[in-house]
Amino acid sequence: MAKAKKSVSKKGGNAAGEQGLEKAAANVLAQLAAIRATLEPHGLAALTGDERLHSNGRLRDGEDSAVVTILDTVDGHPAHFQALAGHDHGVDDAVVETAPARAALARRRLLAPIAAELVAIGARVSDDVLASGAIAKDVSGPAYAIIRANAKLDKKLRASASPALDFYAKAAKRKAPAKPAGG
């Protein structure tokens, strides 16, 4: 069964829907700016791409409880863990301290639901960005091929499409392999 097309005008879509989406997008951007401003004073960590990729900070479901058990054991038997005193993110390198790890877990518990929701929203918005781009390219891709084929013969067509021709020509030059020297 073929997928039914949405009812849109030939001149650029559903104007009422676009205006509604424009307002919604502006509202979301304002809310995101407010979220950023709300969280900024709390010194959220900022990792590089490589640090993010190789972080050991990913905890499985329920793992935070296991970590608390380990920290309780460290507190109950500190002599066994003395070698960790310089690595515990505490203030005294002579004594093993679990308070920084416990504070980090508490912080994680507060921020993890926010991160999950932002990822879900980000994926949904990203999906629509990709789908919208695909719809635009469904017509612009073949139209560009027609323009390229006729641009040398039709000066008005070439002039009308010159920004697009220049844009795609630049991209093609960046992708083209370098010619061998002396060849």
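The values are calculated or read from the model by the stated rules, or taken from the named source; none is laboratory data. Predicted model only: the values in this text are computed from it and were never measured. Cβ placement follows ideal geometry from the backbone for every residue including glycine, while neighbour counts extend to all protein chains displayed.
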Among (1) more than 30 Å from GLY62 (Cα to Cα); (2) out of contact with any Leu (no Cβ under 9 Å at 6 or more places or on another chain), the one test that PRO78 misses: (1)
Top-ranked residue of the range 64-109 - restricted to ones that are surrounded by 11 or more Cβ atoms within 10 Å (Cβ to Cβ) and acidic (Asp, Glu), ranked as nearest to LEU39 (Cα to Cα): ASP64
Every residue from the range 61-108 that is part of a loop (DSSP other than H, G, I, E, B), over 24 Å from HIS42 (Cβ atoms) and over 29 Å from the mean Cα position of the chain (by Cα): HIS77, ASP92, ASP93, ALA94, VAL95, VAL96
Pairs, first surrounded by 10 or more Cβ atoms within 10 Å (Cβ to Cβ) in the range 9-29, second β-branched (Val, Ile, Thr) and at pLDDT below 95, C-beta under 8 Å, six or more apart: ASN14/VAL8
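Considering each of ALA120, ALA116, ALA164, ALA143 in turn, give the residue that is part of a helix (DSSP H, G or I), in contact with a Phe, Trp or Tyr (Cβ under 7 Å, 6 or more places away or on another chain), modelled with pLDDT of 95 or more and not aromatic (Phe, Trp, Tyr).
On the way: ALA120 fails: in contact with a Phe, Trp or Tyr (Cβ under 7 Å, 6 or more places away or on another chain); ALA116 fails: in contact with a Phe, Trp or Tyr (Cβ under 7 Å, 6 or more places away or on another chain); ALA143 fails: in contact with a Phe, Trp or Tyr (Cβ under 7 Å, 6 or more places away or on another chain).
The match here is ALA164.
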Test: LEU84 is under 28 Å from GLY57 (Cβ atoms) and in contact (Cβ under 8 Å) with a residue 60 or more places away in the chain: no
